[in-house]
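**Q** One structure follows; several queries about it will come next.
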Amino acid sequence: MRFRSTRRLLPLFSAAFLLASCEAAGTLPGGGPRSDYTVARQALETGNYTLAIRRYESLIASQEGRSAARLQLELAHALLRANRFDDAIALASRLTGRQGDSIEASALAVRGTARHEAARERMERGENGEELRELLQGARADLSAFLSDHAALDAAGSMRARVQLIEADLAGLG
């Protein structure tokens, strides 16, 4: 009896191993852009930011137009989550100025958040100067613009709360 139940579980263990090894390698059976996107998105959602960044960078090279912009936005988000704030700021900055579309709105939110986190990181290191003030002011401007035009996208209120934190950080600079 014991042998039968083990034989039934063998295919499940094999499938789990196959999926785990494919994700670690950054591909799924069948390959192609859709597979790469699935791996990138799953990696982002599960905290494997190194893999997500690598997959998004690879995908962006093969896309153009709005598809490339959407992938760049997701890459900027992965960079933000990986604490690569300056890289996230630079990439999100390239996505702003798109005449008010949803990609620009999300890019403002990512850039504002990355600017704020970069500023907080500098504050923790004891830095205090004009560059820090500019980061905080830029974060406030980005998130205020986001909220002004897309407040409905902040249903949980996290961006409004972040603006309040930025105001407190700016007040603390004196």
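**Q** Once you put a point 7 Å from the Cα of residue 137 and another 7 Å from the Cα of residue 83, both along the Cβ direction, what distance in nm separates them?
**A** 2.9 nm
**Q** In whole Å, what is the distance between the alpha-carbon centres of the stretch 150-167 and the stretch 89-125?
**A** 14 Å
**Q** Which shape class applies to the stretch 43-120: rounded if a/c is under 1.5, otherwise prolate when a/b exceeds b/c and oblate if not, where a ≥ b ≥ c are the square roots of the Cα gyration tensor eigenvalues?
**A** Taking the square roots of the gyration eigenvalues as a ≥ b ≥ c, the stretch 43-120 is oblate.
**Q** Starting from the 7 Å offset along Cα-to-Cβ, what nm value, one decimal, do you get for the label separation of residue 34 and residue 103?
**A** Modelled inter-label distance: 2.2 nm.
**Q** Here's another thing I want to ask about it. Can you compute 3J(HN,Hα) from phi for each residue in the stretch 147-162, using the Karplus curve 6.51 cos²θ - 1.76 cosθ + 1.60 with θ = phi - 60°, rounded to whole Hz and x for Gly and Pro?
**A** Going residue by residue, I get 5, 4, 9, 9, 4, 5, 6, 9, 4, 7, x, 5, 6, 4, 5, 5 Hz, with x marking Gly and Pro.
**Q** Using each residue's phi in the stretch 68-75, evaluate 6.51 cos²θ - 1.76 cosθ + 1.60 at θ = phi - 60° and report the 3J(HN,Hα) Karplus result to the nearest Hz, with x for Gly and Pro.
**A** Along the stretch 68-75, the couplings run 5, 4, 5, 5, 5, 4, 5, 5 Hz.
**Q** Still on this structure, I have one more. Only four residue types carry charge here, +1 at the Cβ of Lys and Arg and -1 at the Cβ of Asp and Glu. Report the dipole size of the stretch 33-174 about the Cα centre in Debye, rounded to the nearest 20.
**A** Numbers: 19 positive and 21 negative charges, 76 e Å.
Here the size comes out at about 360 debye.
**Q** A follow-up question, please. For residue 160 paired with residue 64, estimate the spin-label separation in nm (one decimal), with each label point 7 Å from Cα along the Cα-to-Cβ line.
**A** Once both label points are built, they end up 4.3 nm from each other.
**Q** Separate question: Residue 130 to residue 57: FRET efficiency via 1/(1 + (r/R0)^6), r the Cβ-Cβ distance, R0 22 Å, to the nearest 0.05?
**A** FRET efficiency, residue 130 to residue 57: 0.10.
Read-outs throughout are calculated quantities, based only on the coordinates presented, and are distinct from any laboratory measurement. The structure displayed is predicted, hence computed values, not measured ones. Every residue, glycine as well, gets a Cβ built from its backbone with ideal geometry; the counts of neighbours run over all protein chains shown.
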